[in-house]
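The values are calculated or read from the model by the stated rules, or taken from the named source; none is laboratory data. For clarity, every value in this text was computed on a predicted model and none was experimentally measured. Note that we place each Cβ from the backbone using ideal geometry, even for glycine, and neighbour counts take in every protein chain shown.
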Amino acid sequence: MGSGIYKKCYVKDVSLSISPFEPVVLSANFVSLDPAVGGSITGDGNAYGGQEPPLDSDIIVYGHTCSVNDSAGVLGQVQSQINFKRSYNRTPIYGLGSVNASSMLLDGVEEEISVSSTGLNSLINFSGERLTSQLNVDLKIQGGVGIGTSTPIADLIKFPAGARVLTESYSAQGGAAIQTTATIKQVKL
């Protein structure tokens, strides 16, 4: 962030929002145990030397270029909105007599995905329903090309068999299409 130097950073949560015909938005919150002290956070007013930013819209991941692989058949045919969140539960570690934490332990990782789509194959029961096979979202750029396995978000959204469908809602507005929203959750650690 600007000219500040942040060390010993630990992610608190990562979220991803996918909507048709819009760029996919990735957000991350983190805590820094060794932030920059003294001085201000500033930015470079002339980051590209007066030139246009080197932005190629063909390598941006858009919502309509992503695909959902749902071999379990939980979701409908057309997905209109996908929201994903991964949360990390951490415990700070303090040394004897220290005021600030020196590191953090990872206590747990939870993931949740909420998918709005059209149609519904079946309603879940009161206690929820387990996925019988993997559900994942493939992030793709224009032309249907995957973003590659070298990026840290290539396999971000993956729910294996056994993840639980917690809630399902089913609604139909007058004159509009039927909309289904399914929320799936898993505890990874």
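Filtered by the rule that a residue be at pLDDT 85 or above, surrounded by 13 or more Cβ atoms within 10 Å (Cβ to Cβ) and part of a loop (DSSP other than H, G, I, E, B), segment 1-21 gives Ser19, Pro20. Scanning segment 4-31 for residues that are among the basic types (Lys, Arg) and out of contact with any Leu (no Cβ under 6 Å at 6 or more places or on another chain) yields Lys7, Lys12.
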